[in-house]
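The values are calculated or read from the model by the stated rules, or taken from the named source; none is laboratory data. The model shown is predicted, which means the values in this text are computed figures rather than measured ones. Neighbour counts run over all protein chains shown; Cβ positions are idealised from the backbone, glycine included. Surface accessibility is based on the protein's heavy atoms, side chains included, excluding ligands, DNA and RNA. Shrake-Rupley method; radii C 1.70, N 1.55, O 1.52, S 1.80 Å.
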Amino acid sequence: MKIFSSKINNAAVDLGLLVLRVVVGSAMLTHGIPKLIKLFTERPIQFANPVGLGVVPSMIMATFAEFVCAILIILGLFTRLAAIPLVINFAVIFFVVHQTLPYAGKELPSLYLVIFFFIMLSGAGRYSLDRRLFRS
């Protein structure tokens, strides 16, 4: 039976990458869209400053990662590059912002960190704009 085969099914991998990108990218937009709105409407901006760069730069970087990069991930456009800010974002959330919480309190950031790290390593797969534009 194929279900017990250890052979890699490239078509299934590409489909899995598409589903993963769309689902996790869409989930990320639920964090990025409110940050984008907050960035343009809230004065003064209230946001964490976890690495000492300042509130506004921290907010801009988090918004860029969770909104712009999430859209790029969904589209599969510049996927590996778009995953880097998300990996950094969730590494900061996991290791700095939530460092004092037990693992149960930082489980979601750790999952996002691992997923975006995987996407950074694997790329977008066949069903992506990367593939259409930069066939290699």
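For R132, the criteria (1) more than 21 Å from D14 (Cα to Cα); (2) open to solvent by 50 Å² or more (accessible area, probe 1.4 Å) hold in every case but one, which is (1).
Residues in segment 70-112 that are under 12 Å from the mean Cα position of the chain (by Cα) and within 22 Å of Q46 (Cα to Cα): P85, L86, I88, N89, F90, A91, P109.
Anything in segment 38-54 that is open to solvent by 40 Å² or more (accessible area, probe 1.4 Å), among the aliphatic types (A, V, I, L, M) and without any contact (Cβ under 8 Å) to a residue 24 or more places away in the chain? List them, or say none. Please lay out each step first, then the result.
Initial filter on segment 38-54 (open to solvent by 40 Å² or more (accessible area, probe 1.4 Å)): 38, 40-44, 46-53.
Add one more test, that the residue is among the aliphatic types (A, V, I, L, M), and what stays is 48, 51, 53.
Selection gives L53 alone.
Within segment 58-80, residues that are assigned to a helix (DSSP H, G or I) sit with their Cβ atoms under 8 Å from residues that are charged (D, E, K, R) and open to solvent by 10 Å² or more (accessible area, probe 1.4 Å), at 6+ positions apart or across chains, in these pairs: M59/K35; M59/K38; A62/K35; T63/K35; E66/K35; F67/K35; T79/D130. Checked against the criteria, F47 does not count as aromatic (F, W, Y) and assigned to a helix (DSSP H, G or I).
Here F95 fits the description: aromatic (F, W, Y), farther than 30 Å from A11 by Cβ and part of a helix (DSSP H, G or I).
Does P57 satisfy the criteria of being open to solvent by less than 60 Å² (accessible area, probe 1.4 Å), touching a His at 6+ places or on another chain (Cβ under 8 Å) and modelled with pLDDT of 95 or more?
On the way: open to solvent by less than 60 Å² (accessible area, probe 1.4 Å): yes; touching a His at 6+ places or on another chain (Cβ under 8 Å): no; modelled with pLDDT of 95 or more: yes.
So P57 fails the test.
How many of the residues making up segment 113-134 are of a type outside the set (K, R) and outside any helix (DSSP H, G or I)? Going through segment 113-134 one residue at a time, the tally reaches 6. Restricting attention to segment 12-35, the residues that are open to solvent by 40 Å² or more (accessible area, probe 1.4 Å), aliphatic (A, V, I, L, M) and touching a residue at least 12 places away in the same chain (Cβ under 8 Å) total 6. Please go through segment 37-92 and give me each residue that is aromatic (F, W, Y), in contact with a helix residue (DSSP H, G or I) (Cβ under 6 Å, 6 or more places away or on another chain) and over 29 Å from R135 (Cβ atoms), ordered by number. Matches in segment 37-92: F47, F90. Restricting A83, A104 to those that are assigned to a helix (DSSP H, G or I), open to solvent by 60 Å² or more (accessible area, probe 1.4 Å) and among the small types (G, A, S) reduces the list to A104.
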